[in-house]
Structure formats: structure tokens, C-alpha cells
1. Mind checking whether some residue in the stretch 26-47 is of a type in the set (S, T, N, Q) and under 23 Å from the mean Cα position of the chain (by Cα)?
2. Going residue by residue through the stretch 62-84, is there one that turns out to be within 16 Å of the ligand (Cβ to nearest atom) and either closer than 20 Å to residue 116 by Cβ or at pLDDT below 95 (or both)?
3. Which one of these does residue 38 not meet: (1) within 12 Å of the ligand (Cβ to nearest atom); (2) modelled with pLDDT under 90?
4. Sort out which residues of the stretch 41-55 are out of contact with any Leu (no Cβ under 9 Å at 6 or more places or on another chain) and more than 13 Å from the ligand (Cβ to nearest atom), and write them in order of number.
5. If we keep just the residues of the stretch 15-26 that are within 13 Å of the ligand (Cβ to nearest atom) and surrounded by 14 or more Cβ atoms within 10 Å (Cβ to Cβ), which is nearest to residue 102 (Cα to Cα)?
6. Take the residues in the stretch 27-49 that are without any contact (Cβ under 8 Å) to a residue 12 or more places away in the chain and among the hydroxyl-bearing types (Ser, Thr, Tyr), then tell me which one is surrounded by the fewest Cβ atoms within 10 Å (Cβ to Cβ).
7. Could you check the stretch 1-19 and list, in sequence order, the residues that are part of a loop (DSSP other than H, G, I, E, B) and either over 24 Å from the mean Cα position of the chain (by Cα) or within 20 Å of residue 112 (Cα to Cα) (or both)?
8. Looking at the stretch 1-26 only, could you name the residues that are touching a residue at least 40 places away in the same chain (Cβ under 8 Å) and within 16 Å of residue 66 (Cα to Cα)?
Amino acid sequence: MIGSFLNVLIYRIPEGKDFVKERSHCPNCGKLVFWYENIPVLSYIFLKGKCSKCGWKIPLIYPTVEIITGLASWALMPTILDSMNLGLYLFFFSVFCCFLVHFIIDVKVQILPDVINIFLGVVFLAYAISFYSYNFWLLGAGVGYFFPYLVSYGFKKLRGVDGLGLGDVKLFGVLGIMLGPLGIVQNIFMSCMLGTIVFLILIPVFKLNRETKVPFGPFIILVASAQIFFPDAFDKFSRLLFF
Ligand SMILES: [Zn+2]
């Protein structure tokens, strides 16, 4: 059900639509979705992936988001459920949901919405205040915001075009709260590397040129996911990479 709500966010945030009050409807013909057509995953199967009125093909991304969110909520579940673990569970699951929404919106429309960055910031801040010293997260946020900001400012001065979107800069700043100064520098470095490798592969496939706008957020998010959800594996990997 939360995955279903994330679909609503993914669809409505870029269009500036209300995502709480408005009832679900078919984007093609406007038909209101009945409750039994709105059951996560099952309704997609039961509707055979089509709107019951106009036959509009429901994109496969909808049930995919629902399945991925369901799997994540299960995979993150702690073995012993006390209040501490419940808090941590809610934290990690919230981060996962924000990352998923950011990722798909950025791929679709090359935007990292402010509302998601702000929510992530609040969640990270709550965690950072509970577990880190204030200079760790303050410095992390500072480095995460100003380092990419200066690079992007310089790039714009030199080339006259935006190299890095402001949404990416804000996301780096917000992630800095959670990752600290060293972690965010590692993220900046590795997401740039990952992005470069993927684009070098994609350039011939999609015949991209230097002027093509490409989303960068997904790479930041992939690296941050490794850092936040698999910290031990990430440490081993980064040690292998750096020294
Ligand atoms: Zn329809």
C-alpha cells in the first residue's frame, strides 16, 4: 500500500498536483479508480494492465514500484522488535521510499523534487542528532552542499551551461547530514565515476551527444544506498578502490 502511495507521488509531484486529497483516476480518460481496482499488484493483474474504461496501458513501473517497496519493507524488518529497532526500521524504510521516488522522477523528468529533499533532510537530521556529534553532520552538510555548488558554479561560468542541477546539489547537501564529510566526498567521487562509466556505455547505444540532458540523481542514490544500507560491504569496496 505504501508502494501504491509512492506511485501517486511519482506521478503527481512533477505535475504539481495535490497528492493527498485528489482521488486516483486514469491519466488517459479521467475515469475514477474504484477501490477494488486500486489494490496493489493484484489489481494490475486483475485489470490485465489496462484501464477498465478506455484500455489505456498501465505502465509496468506501477506494479514494479509496489513489489519493490513490499520487498524492501520485508527485507529491512528487524528480527527483534523493540522500540529502538522499530524507530530504526521506520528510518531506513523512509529513506528507501524517498530514494525510490527520487530515482524514478529523476529518470522520468530530470528533477529531484524539493519536497523529497526536505523530507529526507528531516529524517536524516533526526538520525544524526540521535547518533552523531553535531560537527559530523554539520560539516557533512556543508561539504555536501558547497563543494558541488562551487564546482557547478565554476562549470557554468566556464561553459555557460548547467553541468549539475541544483536538485543534485541539494541532495548532496542533505546526504551530507547522514554520511558526514568523508562519506559525502566518497559519494561525490563514486557517483561521478559510476555516472561516467554508465554514460560511456550508453552514448553509442542511445546515440547521446554532449548536449543531451541526463539525470545524475540515480547515481548519487545508488552510491548512497550502498553507503546507508550496506555500510560494511561499502567500506570493504571503497578500501579496495582507494588504497
Ligand atoms: Zn482510462
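1. no
2. Scanning the stretch 62-84, I find at least one residue that is within 16 Å of the ligand (Cβ to nearest atom) and either closer than 20 Å to residue 116 by Cβ or at pLDDT below 95 (or both), so the answer is yes.
3. Unmet for residue 38, out of (1) within 12 Å of the ligand (Cβ to nearest atom); (2) modelled with pLDDT under 90: (1).
4. Scanning the stretch 41-55 gives 41, 42, 43, 45, 46, 48.
5. Checked the stretch 15-26; the qualifying residue nearest to residue 102 (Cα to Cα) is 24.
6. Among those residues, the one meeting the criterion is 36.
7. Answer for the stretch 1-19, where residues must be part of a loop (DSSP other than H, G, I, E, B) and either over 24 Å from the mean Cα position of the chain (by Cα) or within 20 Å of residue 112 (Cα to Cα) (or both): 13, 14, 15, 16, 17, 18, 19.
8. 2, 3, 4, 6, 7, 9, 10, listed by residue number.
The values are calculated or read from the model by the stated rules, or taken from the named source; none is laboratory data. None of these values were measured; they are calculated from a predicted model. Every residue, glycine as well, gets a Cβ built from its backbone with ideal geometry; the counts of neighbours run over all protein chains shown.
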